[in-house]
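Everything on this sheet refers to the single structure shown next.
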Amino acid sequence: MPLKKLFIAVALFVGSALSALAQNPVIQGWYADPEGVIYKNQYWIFPTYSARYNDQVFFDAFSSKDLCTWVKHPRILDTAAVKWARRAMWAPAVLEKQGKYYLFFGANDVHPNEIGGIGVAVANKPEGPYKDLLGKPLINEIVNGAQPIDQFVFKNSDGSYYMYYGGWGHCNVVKLKSDFTGIEPLPDGTLYKEITPQNYVEGPCLFKKDGKYYFMWSEGGWTGPDYHVAYAVGDSPFGPFKREGTILESDPKIATGAGHHSVIHDAKSNKWYIVYHRRPLGETDGNHRVTCIDEMHFDKEGHILPVKMTFTGVGK
C-alpha cells in the first residue's frame, strides 16, 4: 500500500477509535446542574442552560446509547409553555411514571413575595415537548429559610415520592402527591421537614444502596473555585444526615468549581456514574460551566471514594 494511503487508513482508524470513547465534557456548550437518568436503556442528561438569568429561559436534553455519542433535543421546555416563569429556569429533576415523563424545575430566582419557585411539567416522551402541569408553581413560598430551587425527586422502595430542595444554605424534604399536583403530610404529620446537614449550600441528591440512604449536596460558591460535593449516609430518607466527607472537588490539573451533580446507577453493569458540572481551568466567567461524567466507586464499608475528575470520561 502506498505510504500516503497507509497514513490515511491509519488516521481513519484512529479517528474511529477515538470517536468510540467518551470524553469530558460530554456535551458541547455551557450546561450546568445536570440530571442524569436511564430511560428505556438509553442514558439521558437534563441540564441547566448556563447563561445570564434573563437568557436562561429554556431547557435542552441529551440522549445517548453508549455514554459516548450524544444527541441533542433542543428546547424541550421554555417560558412560552410556563406562563408564570420569566427567567432563570434551572436544575431539572426528572422521572417516568406510568408512561408519562415529568420534569421538575426552578424558575424566576424567587424571593419573598414574588411569583416563582419549583414547577413541574409533563410529556409523553423523554424529549418532550413538555407542558406545564399546574399553571402555577408547585412550591412558591420560602419555608425554613430554603429558597425553592434545586429540586431532586426520589422514589422510595414503598412507592412514595419525596422531593428534596433548597438554596440559601437550607434543605427541606416534602412528600409529593401521587399525581405530582401538590404535597401531602410526611409520616410525622408535617408538610416541610428541614434536613440541612453541615456546610450544605444547595444541589441536593439522594439515592439508596444496600439499604442505606446516601444524601449528597454542594458546598461553596457556585461561581468560585471552591464549589464541591459532600455526602452523608442515613437509615431513612429523612436522615439524620451527618456529613461524612467531600467526594468531588477542584483539581488544579483538570478543572475548578466541580459540583451540582446527579447519580446514575446502571443496573446491568452495576456501575455508578456521577454526572456533574465544572469550570474549565483559567475561566473566570461564572456561567462558563460544562457537563461531565466520571465513575463513582465505594469501599467495602460502603463509603463513597473521592471521585477523580478526568478528560477521558467513562468510555465504552
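The values are calculated or read from the model by the stated rules, or taken from the named source; none is laboratory data. Being a predicted model, the structure only gives us computed values, none of them experimental. Quick reminder, even Gly has a Cβ in these numbers, built from the backbone with ideal geometry, and neighbours come from all protein chains shown.
Any residue in the range 259-267 that is closer than 17 Å to Thr312 by Cα and in a strand (DSSP E or B)? Show your work before the answer.
Filtering the range 259-267 for residues closer than 17 Å to Thr312 by Cα gives none.
No, the range 259-267 has no match at all.
Kindly indicate the residue of the range 32-51 that is out of contact with any Lys or Arg (no Cβ under 6 Å at 6 or more places or on another chain) and hydrophobic (A, V, I, L, M, F, W, C) and also surrounded by the fewest Cβ atoms within 10 Å (Cβ to Cβ) among those meeting that condition.
Only one residue tops the list, namely Ile38.
I'd like the full set of residues that are in a loop (DSSP other than H, G, I, E, B), at negative phi and either modelled with pLDDT of 95 or more or under 15 Å from the mean Cα position of the chain (by Cα) (or both), limited to the range 12-45.
The initial filter retains those residues of the range 12-45 that are in a loop (DSSP other than H, G, I, E, B), namely 20-30, 40-41.
Applying the additional criterion that residues be at negative phi yields 20-28, 30.
Across the range 12-45, the qualifying residues are Asn24, Pro25, Val26, Ile27, Gln28, Trp30.
Which residue pairs have Cβ atoms closer than 7 Å, lie 6 or more positions apart in sequence or on different chains, and pair a first residue in the range 78-92 that is within 15 Å of Tyr31 (Cα to Cα) with a second residue that is in a strand (DSSP E or B) and of a type in the set (S, T, N, Q)?
Going by the 7 Å Cβ cut-off, the qualifying pairs are Trp90/Thr48; Ala91/Thr48.
Does Lys175 satisfy being touching an Asp or Glu at 6+ places or on another chain (Cβ under 6 Å) and surrounded by 13 or more Cβ atoms within 10 Å (Cβ to Cβ)?
Values: touching an Asp or Glu at 6+ places or on another chain (Cβ under 6 Å): yes; surrounded by 13 or more Cβ atoms within 10 Å (Cβ to Cβ): yes.
The answer is yes for Lys175.
Please work out if Asn113 is free of Cβ contacts under 8 Å to residues at least 12 places away in the same chain, over 28 Å from Tyr43 (Cα atoms) and not acidic (Asp, Glu).
On the way: free of Cβ contacts under 8 Å to residues at least 12 places away in the same chain: yes; over 28 Å from Tyr43 (Cα atoms): yes; not acidic (Asp, Glu): yes.
Yes: the conditions hold for Asn113.
Is it the case that Gly106 is modelled with pLDDT of 95 or more and either among the β-branched types (Val, Ile, Thr) or surrounded by fewer than 22 Cβ atoms within 10 Å (Cβ to Cβ) (or both)?
Details: modelled with pLDDT of 95 or more: yes; either among the β-branched types (Val, Ile, Thr) or surrounded by fewer than 22 Cβ atoms within 10 Å (Cβ to Cβ) (or both): no.
No, not satisfied.
Return the pair list, or none, for Cβ contacts closer than 6 Å from residues in the range 270-289 that are under 22 Å from Ala230 (Cα atoms) and free of Cβ contacts under 8 Å to residues at least 60 places away in the same chain to residues that are of a type in the set (A, V, I, L, M) and outside any strand (DSSP E or B), at least 6 apart or on different chains.
Ile274/Val307
For the range 56-64, indicate whether the set of residues that are charged (D, E, K, R), free of Cβ contacts under 8 Å to residues at least 40 places away in the same chain, more than 19 Å from Pro280 (Cβ to Cβ) and not in a strand (DSSP E or B) is non-empty. Before the answer, list the steps.
As a first pass, look at the range 56-64 and keep what is charged (D, E, K, R): 60.
Next cut, free of Cβ contacts under 8 Å to residues at least 40 places away in the same chain only: 60.
Among the residues that remain, those that are also more than 19 Å from Pro280 (Cβ to Cβ) are: 60.
Now drop any that are not not in a strand (DSSP E or B), which leaves none.
No: the range 56-64 contains no residue that is charged (D, E, K, R), free of Cβ contacts under 8 Å to residues at least 40 places away in the same chain, more than 19 Å from Pro280 (Cβ to Cβ) and not in a strand (DSSP E or B).
Looking at the range 46-98, which of its residues are in contact with a Leu (Cβ under 8 Å, 6 or more places away or on another chain) and modelled with pLDDT of 95 or more?
If we filter the range 46-98 for residues that are in contact with a Leu (Cβ under 8 Å, 6 or more places away or on another chain), which is where we start, we get 46, 58-59, 68, 76-77, 89, 92-94.
Residues satisfying the conditions are Phe46, Phe58, Phe59, Ile76, Leu77, Met89, Pro92, Ala93, Val94.
Can you pull out the residues in the range 116-139 that are outside any strand (DSSP E or B), touching a residue at least 40 places away in the same chain (Cβ under 8 Å) and of a type outside the set (Lys, Arg)?
As a first pass, look at the range 116-139 and keep what is outside any strand (DSSP E or B): 116, 124-130, 133-138.
Then keep just the ones that are touching a residue at least 40 places away in the same chain (Cβ under 8 Å); that gives 126-130, 133-138.
Across the range 116-139, the qualifying residues are Pro126, Glu127, Gly128, Pro129, Tyr130, Leu133, Leu134, Gly135, Pro137, Leu138.
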